[in-house]
Amino acid sequence: MNKMDRALLELQLEAEELYQTFQRIVENVNVIIATYSDDSGPMGEVRVDPSKGSVGFGSGLHGWAFTLKQFAEMYAEKFKIDVVKLMRRLWGENFFNPKTKKWAKQKEDDNKRSFCMYVLDPIYKVFDSIMNYKKEEAISLMKKLNIELKHEDSDKDGKALLKVVMRTWLPAGEALLQMIAIHLPSPVVAQKYRMEMLYEGPHDDEAAIGVKNCDPNAPLMMYISKMVPTTDKGRFYAFGRVFSGKVATGMKARIMGPNYTPGKKEDLFEKAIQRTILMMGRYVEAIEDVPSGNICGLVGVDQFLVKTGTISTFKDAHNMKVMKFSVSPVVRVAVEPKNPADLPKLVEGLKRLAKSDPMVQCIIEESGEHIIAGAGELHLEICLKDLEEDHACIPIKKSDPVVSYRETVSAESDQMCLSKSPNKHNRLFMKSVPMPDGFQWATKEGVLSEENMRGVRFNIYDVTLHTDAIHRGGGQIIPTTRRCLYASILTAQPRLMEPVYLCEIQCPEVAVGGIYGVLNRRRGHVFEEMQVTGTPMFVVKAYLPVNESFGFTADLRSNTGGQAFPQCVFDHWQVLPGDPTDPGTKPYTVVQDTRKRKGLKEGLPDVAQYLDKL
């Protein structure tokens, strides 16, 4: 459970309130797990329980975290009690009376909840002494807790000192590693039931059986999930996990990209692996070989893979399944170098950026513009910073963020559209209609502003083709079809679709009014508002058009006194209200701006350009 620093510094919750919040989160998580899990399945019982050490508490931003196991180990000697027994006592309805030294199951006047007393109280005392500048009390506490600061840290105060003290006392890495080691299944156990979800090929071939058994003597099967930039400019470590077999320096292997089809040569390379390395944080260490069940980096593979891929020594191997993202790159910026002479460096930098970030898309538009597409404003900001400082290493000019739209139709074409081929020997008769829900068939570019199309079906009513094949080749039919499709769209009430975020905002009750004001100004629509049980906090869920999301966080915070915290994720496409052919509407403005940006002719194309007479 993250953001514990906020609970103490901003929300200033009492210890009992914080316990109730934690208890509720654990219950909610377990409800979700119970909905989808099967206790009799291969994973056994997967519900989480703080008293078993399967729940961590802490602050990712400040770098500290703990589990009840760590606190139980601290107190076990003092209480002369077994660590496992004490862990059970530190959670739930367990109360301790320090005067009588007795435990109870009910709250009484003299006793206190054990979690608040033994876990939260020391943390609260550290926060209080440091944030209220009680220096002597803080020094005394640090001695009791065996916290030794480096010389350069001892002069800090306030939040800076708090971060260092908490990170030294309860390092997040230690808690996380302990939880991973104790609770997560080993590759040998996990791959037995995960193989079916990981491998695309038959589940009884040599590769599948090797993956299932995590067998180091089976053929090599390795999935590369990420490209990590190296200090050597332009090169990457291919970082991934060995599922079966052994990957070794100098061995020859099949490098299969995500578009590889078994039996074909496309997206397939047979190359030697130059070096195998162990990656530990910022450091790398050369290693002779890595057996199944481990993660490692490879040198010399990066020029054959774009972002992800499968490496195998089995000639009939299929790919490992590609990772899916729950968000789409719908926000775009155009970039150019401040000094035009640096263009080759920018192009090289964009290639490196596309390789290192699994989700970013780098595109060259027909107008020659270099476009970076990301999931949102923050993601793009990070990508641009990486591009400028690490990948291209040149000063960059960027456009304002631009949103991708989709083109669609809202009714059936009001006339039959005929288009003749350039040699007049071939004819197409067509209409377009909106796609029924559940079908999405996209063509490459729409007629309004050459944006992708969505949810349109084209019905071909009649075709007249020349009997001689030479007069009905691609050169005659393709441009004819395109003109006929465009005419069908223009006669079927064309519309623009815009991407929409699902926005979840947490805030206290007093700030809810401010949220509605900001969302209304930005064409947002609230569809759910609920109080988080047992706290003064509210959760507001709303749909917010991506085009209106730029600067949303800052606007929200200024209107709620910094008390609202939004999280946005791409959710769906919706029709932008208004007719793009009507000059007074929002879609018309969007179409004109997009056409201008793409260097297309001003004004909307006329249907007469695409329609032919019988």
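Summed over the stretch 451-475, the residues that are crowded, with 17+ Cβ neighbours inside 10 Å, within 44 Å of the chain's Cα centre (by Cα) and not hydrophobic (A, V, I, L, M, F, W, C) give a count of 3. ARG352 falls short on exactly one of the conditions (1) of a type in the set (Lys, Arg); (2) outside the structural domain of LEU387 (by TED's automatic domain parsing); (3) in contact with a helix residue (DSSP H, G or I) (Cβ under 8 Å, 6 or more places away or on another chain), and that condition is (2).
Can you confirm whether the stretch 24-44 contains a residue that is among the hydrophobic types (A, V, I, L, M, F, W, C) and buried (at least 16 other Cβ atoms within 10 Å of the Cβ)? Checked the stretch 24-44: at least one residue is among the hydrophobic types (A, V, I, L, M, F, W, C) and buried (at least 16 other Cβ atoms within 10 Å of the Cβ). Examine the stretch 192-208 for a residue that is surrounded by fewer than 18 Cβ atoms within 10 Å (Cβ to Cβ), of a type in the set (Phe, Trp, Tyr), on the phi < 0 side of the Ramachandran plot and at pLDDT 85 or above, and state whether such a residue exists. Yes - at least one qualifying residue is present in the stretch 192-208. Between a first residue in the stretch 278-289 that is over 12 Å from TYR237 (Cα atoms) and a second residue that is exposed (fewer than 14 other Cβ atoms within 10 Å of the Cβ), which pairs have beta carbons less than 6 Å apart while being 6 or more apart in sequence or on different chains? So the pair list comes out empty. From the residues in the stretch 278-295 that are farther than 18 Å from GLY210 by Cα and hydrophobic (A, V, I, L, M, F, W, C), which one is surrounded by the most Cβ atoms within 10 Å (Cβ to Cβ)? Across the stretch 278-295, the extreme among qualifying residues is VAL284.
Applying the criterion of being out of contact with any helix residue (DSSP H, G or I) (no Cβ under 9 Å at 6 or more places or on another chain) and crowded, with 16+ Cβ neighbours inside 10 Å to the residues of the stretch 303-315, the residue that is farthest from CYS362 (Cα to Cα) is THR313.
Checked against (1) modelled with pLDDT under 90; (2) within 28 Å of THR310 (Cα to Cα); (3) in contact with a Phe, Trp or Tyr (Cβ under 7 Å, 6 or more places away or on another chain), MET222 passes all but condition (1).
Okay, residues lined up against (1) among the polar types (S, T, N, Q); (2) assigned to a helix (DSSP H, G or I); (3) touching an Asp or Glu at 6+ places or on another chain (Cβ under 9 Å):
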{"site": "THR100", "(1), (2), (3)": "yes, no, yes"}
{"site": "LYS156", "(1), (2), (3)": "no, no, no"}
{"site": "VAL164", "(1), (2), (3)": "no, yes, yes"}
{"site": "VAL188", "(1), (2), (3)": "no, yes, no"}
{"site": "MET197", "(1), (2), (3)": "no, yes, no"}
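What residue, among those in the stretch 242-277 that are among the acidic types (Asp, Glu) and assigned to a loop (DSSP other than H, G, I, E, B), is surrounded by the most Cβ atoms within 10 Å (Cβ to Cβ)? Once the filter is applied, the top-ranked residue is ASP267.
This table checks each residue for (1) assigned to a strand (DSSP E or B); (2) crowded, with 16+ Cβ neighbours inside 10 Å; (3) among the basic types (Lys, Arg).
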| residue | (1), (2), (3) |
| --- | --- |
| GLY297 | yes, yes, no |
| VAL301 | no, yes, no |
| PRO329 | no, yes, no |
| LYS351 | no, no, yes |
| ILE372 | yes, yes, no |
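Among the residues that make up the stretch 203-219, is at least one of them part of a loop (DSSP other than H, G, I, E, B), without any contact (Cβ under 8 Å) to a residue 24 or more places away in the chain and over 26 Å from PRO358 (Cβ atoms)? Yes - at least one qualifying residue is present in the stretch 203-219. Among the residues of the stretch 555-580, the ones that are surrounded by fewer than 18 Cβ atoms within 10 Å (Cβ to Cβ), modelled with pLDDT under 85 and among the small types (Gly, Ala, Ser) come to 3 in all.
The values are calculated or read from the model by the stated rules, or taken from the named source; none is laboratory data. The shown structure was predicted, so the numbers you read here are calculated from the model rather than taken from an experiment. As a convention, Cβ positions derive from the backbone with ideal geometry for all residues, glycine included, and neighbour counts pool all protein chains shown.
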